[in-house]
Amino acid sequence: SKKKEVMAGIFWGFSIVIKLSPLVLIAYLIFTKRYITLIWGLILFALTNLIVMLMYPLTFEFFSKRLLALTGLPAGNTTLYDQSLRAFLFRIGISNPETSQLIISVMLLILVCTLTRHKPLKLFSLLLIVAAIGTSYTWQHHFVYVFPAFIAASIRIYRQKSLPYFLLTLVSAVLVGMHFPDIANPPAANPFLVSHTLLGTTILFGLLLI
């Protein structure tokens with residue numbers, strides 16, 4: 001109903017006011033033709049930021065000048081806390097991980113929108129995964145975004161009774177849920193092991209695209 005669409009837009013608007021990552025769901029709202037939700041969310045986002053900038057003029061300076069300058073700076077070294085795609089690219093020695101991450105993220109978005117545009121749950125789940133791994137710094141708790149993807153995978157396991165699919169989903173869940181007791185001293189320097197959450201999420205991403 002229209003009322004539900006409006007309420008969904010309001011809650012989505014508040015979510016992107018707090019954190020920009022859910023903006024990636026614009027593609028989901030467009031492909032599922034939820035234009036009312038999209039419009040209300042963007043209006044709320046714009047109005048909230050306008051009010052904040054009017055109340056605190058220095059905020060406008062931050063968004064118009066400093067934020068753009070900060071986004072152009074290299075992210076530098078990374079830590080075990082960081083499970084982003086950028087961090088993994090840095091660990092394997094890519095010279096410009098920020099640019100590479102941006103290119104890969106855009107390619108993933110195009111791939112997702114092309115292959116799953118008529119499958120709302122898959123589209124929603126995969127867009128959230130791209131939002132999680134595509135930011136410049138992703139802590140492990142940010143991977144709550146992959147929960148809908150695990151739900152989608154579980155539904156497919158229930159329907160198809162596929163043992164290989166189940167085992168791969170289980171491996172993905174173990175990798176995403178791994179935690180090193182001493183995070184400052186991981187048991188190995190292997191970049192794939194250190195980026196275990198990203199690796200598990202990548203497996204899940206591939207499973208949903210199959």
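Most tightly packed first, judged by the mean number of other beta-carbon atoms within 10 Å of their residues, the peptides 82-94, 43-55 read 82-94, 43-55. Cross-link pairs exceeding 31 Å in C-alpha to C-alpha distance, out of K119/K161; K3/K161; K19/K161, comprise K3/K161; K19/K161. Derived from the Cα gyration tensor, the three semi-axes of the equivalent ellipsoid of the chain are 30, 26, 14 Å, largest first.
Over the chain, DSSP H runs of length four or greater, each weighted -39,500 (n - 2.57), average out per residue to a 222 nm ellipticity of -20500 deg cm²/dmol.
For the chain, the solvent-accessible area of protein heavy atoms averages 59 Å² per residue (probe radius 1.4 Å; ligands and nucleic acids excluded). The coefficient of translational diffusion for region 79-170, derived via Stokes-Einstein from the alpha carbon Kirkwood radius under 37 °C and 0.692 mPa s, stands at 229 µm²/s. Can you list the lysines whose alpha carbon is less than 18 Å from that of K4, not counting same-chain residues fewer than 8 positions off? List returned: K33.
Using C-alpha pairs under 8 Å with a sequence gap of at least 6, the mean separation divided by the residue count of the chain gives a relative contact order of 21 percent. Beyond 15 Å, what percent of the Cα pairs of region 1-50 remain? Result: 36 percent of Cα pairs exceed 15 Å.
The values are calculated or read from the model by the stated rules, or taken from the named source; none is laboratory data. Computed from a predicted model, the values in this text were never measured in an experiment. We place every Cβ from the backbone using ideal geometry, glycine too, and count neighbours over all the protein chains shown. These area figures cover heavy atoms from the full protein model, side chains too; ligands, DNA and RNA do not enter into them. Shrake-Rupley method; radii C 1.70, N 1.55, O 1.52, S 1.80 Å.
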